[in-house]
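The values are calculated or read from the model by the stated rules, or taken from the named source; none is laboratory data. Only a predicted model underlies this, so the values are computations on that prediction, with no experimental measurement involved. Using ideal geometry, Cβ is built from the backbone for each residue, glycine included, and neighbour counts are taken over all protein chains shown. Each accessible area value is taken on the protein alone, full model and side chains, heavy atoms only, with ligands, DNA and RNA left out. Shrake-Rupley method; radii C 1.70, N 1.55, O 1.52, S 1.80 Å.
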Amino acid sequence: MDNVLSFENLSAEDERHIILSSLSLNVKRGEKVALVGESGSGKTMSIRCLLSILPDDVKITEGDVKFSGKSVLSYSPDELRENLYRHIGFVAQNTSESLHPLIKISSQMTDFYLERHKDVKKKEALERAREILLSLGLEDVDRVLSSRPGQLSGGMKQRINIAIALMDDIKLLIADEPTSALDAHIRRQIEGLYISLLEKKELAMLIISHDLKFVRRFADRVYVMYGGKIVEEGLNEEIFSHPVHPYTKALISLNEVSKKDKSEYLAELGGYAPLFSRASSSCAFASLCRYEKEKCLEAVGYKALSDTHYVRCIR
């Protein structure tokens with residue numbers, strides 16, 4: 001399978017801190033890849049590097065980001081619109097806030113599409129919107145298109161966000177917390193919907209999620225991020241059945257043990273992911289790790305445990 005998305009030793013920093021350090025990640029066609037880690041670990045900043053929407057004070061200092069084998073870092077605004085944005089669908093975390101409360105669904109699905117496709121008429125765009133909504137299992141499509149977000153359920157709004165992402169001929173679907181704020185029944189429906197889409201369209205999918213139970217059921221491969229670095233990566237089974245990095249173990253344990261048993265792991269995961277004032281190859285997690293040794297503050301390389309399982313830890 002060809003890589004649709006590749007981060008190659010990407011580093012980024014602002015005026016005082018290292019934001020991302022030697023980030024390497026890839027997503028292949030037809031593959032479901034999850035990027036997990038707590039808030040502040042660098043997940044969102046990674047996506048902003050891909051989309052060239054970095055804050056003014058953040059600069060990429062090393063490495064590359066490639067989409068379909070081509071570097072996107074030197075793209076002009078026109079090239080970004082034509083060669084990148086038209087081929088990436090993004091489903092935001094908060095479905096209610098990502099839809100304008102006062103604008104009808106028909107306009108929200110077609111306006112940006114028409115802006116990108118000057119030769120397409122409004123009627124053709126509406127027909128495309130109807131077809132996509134039908135393919136996502138929505139009934140009474142005309143009523144949905146004439147509705148405003150406040151008239152629709154949470155599960156229906158989630159489907160509409162997915163439909164908007166599919167309006168273009170995309171190669172990569174990025175989903176930020178794709179099952180948040182949904183009840184268990186709707187969550188399983190949305191999971192099934194994503195699987196069906198990937199099978200039919202052979203899309204690549206990058207999932208950003210705190211919901212490790214969802215990731216365990218859904219993802220093919222997992223990258224674990226902490227302090228702007230990937231600390232462990234592997235196949236789903238390798239990460240969840242044989243985690244190696246202490247941070248990965250603690251993160252999984254927090255999702256699996258009962259509330260009364262969580263104090264031990266909460267103590268280990270206290271504080272925030274650090275910001276480094278200079279480039280550092282030491283372990284970002286060392287100050288919070290129960291296994292910390294003096295060597296942890298020295299260079300910590302990426303070690304291969306198998307052809308697919310890698311960890312950044314001296315242990």
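Summing -39500 (n - 2.57) over the DSSP H runs of n ≥ 4 in the chain and dividing by its residue number, what mean residue ellipticity at 222 nm do you reach, to the nearest 500 deg cm²/dmol?
Numbers: 11 runs with 105 residues, N = 315.
Value at 222 nm, helices only: -9500 deg cm²/dmol.
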Rg and Dmax of the stretch 80-129 over Cα atoms: what are they, in angstrom?
-> 12.0, 32
Express in nm, to one decimal, how much length is gained between E97 and L134 on full extension, taking 0.36 nm for each residue of separation and deducting their alpha carbon distance.
-> 11.0 nm
The chain - percent of accessible surface contributed by carbon and sulfur, probe 1.4 Å | 49 percent
For the chain, what is Rg from Cα atoms divided by 2.2 N^0.38 Å, rounded to two decimals?
-> 1.05
Which of the listed residues, I160, L54, S146, is farthest toward the dipole's positive end in the chain, when Lys, Arg count +1 and Asp, Glu count -1 at the beta-carbon?
-> S146
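Could you work out how much longer the chain between S39 and R81 gets when fully extended? Use 0.36 nm per residue separation minus the Cα distance between them, nm to one decimal. Mind dumping the intermediate values first?
Details: separation 42, 0.36 × 42 = 15.12 nm, distance 2.89 nm.
Once the chain is fully extended between S39 and R81, it gains 12.2 nm.
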Residues whose modelled amide H sits under 5 Å from the amide H of I19, counting only those 5 or more places away in sequence or on another chain, are A12, E13, D14
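In what sequence, largest accessible area first, do T179, T61 appear using a 1.4 Å probe?
Largest to smallest exposure gives the sequence T61, T179.
For the chain, what's the relative contact order in percent, using C-alpha pairs closer than 8 Å and at least 6 residues apart?
Working: 551 pairs, mean separation 71.0, N = 315.
Result for the chain is 23 percent.
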Where a Cα-Cα gap under 23 Å defines reach, which lysines qualify for K121, not counting those fewer than 8 residues away within the same chain?
-> K104
Taking only the alpha-carbon atoms of the stretch 31-170, the convex hull volume per residue, in cubic angstrom, is 150 Å³
Write down, largest first, the equivalent ellipsoid semi-axes of the stretch 1-104 in whole Å, where each equals the square root of 5 times an eigenvalue of the alpha-carbon gyration tensor.
-> 22, 19, 16
Within the stretch 3-43, backbone nitrogen closer than 18 Å to the virtual label 7 Å beyond the Cα of S180 toward Cβ | 34-43
Lys, Arg +1 and Asp, Glu -1 on Cβ, resulting dipole of the chain about Cα centre, debye, nearest 20 = 480 debye
Taking Cα atoms, how many degrees apart are the long axis of helix 154-165 and the longest axis of the chain, rounded to 10 and kept between 0 and 90?
-> 90 degrees
According to the Cα gyration tensor, what semi-axes, each the square root of 5 times an eigenvalue, does the equivalent ellipsoid of the stretch 148-229 have, listed from largest to smallest in whole Å?
-> 21, 17, 13
